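The structure under discussion appears below in the form of structure tokens.
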Amino acid sequence: MRTKSLALWIVGAACTSAPGLFTWGMGWAFLDFMVVGYVILIVATVKNGASKPGTALALLIVSNASYWLSYGLFRTRLAFTRPVHLPGTDAFERPVALWGLVLVIFLAYEVFIFAWALLAKRERAIAALGLGASVAQVLLTLSSAYYFRGF
């Protein structure tokens with residue numbers, strides 16, 4: 001992976017994980033960070049070679065890392081600040097819902113690239129690892145997104 005692409009991956013992950021620090025008082029400001037972060041991740045994917053299984057695996061890793069970092073920042077913020085309990089949804093549910101929507105789009109791309117690589121017999125080890133990681137992503141991340149309020 002080239003240094004410029006690595007910088008894009010890191011900045012994209014940082015932008016998409018920032019909403020974990022946002023509170024109700026900030027309203028929909030998280031949306032700006034998430035949109036910019038996702039656009040940066042898409043640019044990094046295209047610059048790194050969108051048809052390569054390694055690029056799809058990098059996107060899978062970075063998008064999961066950004067979700068878990070955002071969740072960690074959310075939990076850390078709650079530990080250091082007094083949470084405001086308002087009727088309705090929690091402040092973190094909106095970013096999680098948007099993340100879930102983008103997850104499905106990214107997952108469709110990743111599974112297509114991994115399946116194509118397996119069928120074309122290109123980088124089969126990375127493609128098989130990516131398909132396994134995709135299944136784990138769906139099982140772990142979506143279940144945590146659904147149940148995160150119970151923690």
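The values are calculated or read from the model by the stated rules, or taken from the named source; none is laboratory data. Just so it is clear, the structure is predicted and the values come from calculations on it, not from any experiment. Here the Cβ is made from the backbone with ideal geometry for all residues, glycine too, and neighbour counts use every protein chain on show. The protein model used for the area step is the full one, side chains on, heavy atoms only, and it has no ligands, DNA or RNA in it. Shrake-Rupley method; radii C 1.70, N 1.55, O 1.52, S 1.80 Å.
Restricted to region 17-42, and to residues there that are among the hydroxyl-bearing types (Ser, Thr, Tyr) and either closer than 16 Å to residue 64 by Cα or open to solvent by 70 Å² or more (accessible area, probe 1.4 Å) (or both), the residue that is modelled with the highest pLDDT is 38. Just one residue in the set 56, 50, 65 is buried (at least 21 other Cβ atoms within 10 Å of the Cβ), within 22 Å of residue 125 (Cβ to Cβ) and out of contact with any Lys or Arg (no Cβ under 9 Å at 6 or more places or on another chain); that residue is 56. Residues in region 97-106 that are buried (at least 17 other Cβ atoms within 10 Å of the Cβ) and modelled with pLDDT of 90 or more: 106 only. Residues of region 124-144 that are open to solvent by less than 30 Å² (accessible area, probe 1.4 Å) and over 11 Å from residue 110 (Cα atoms): 137, 141, 144.
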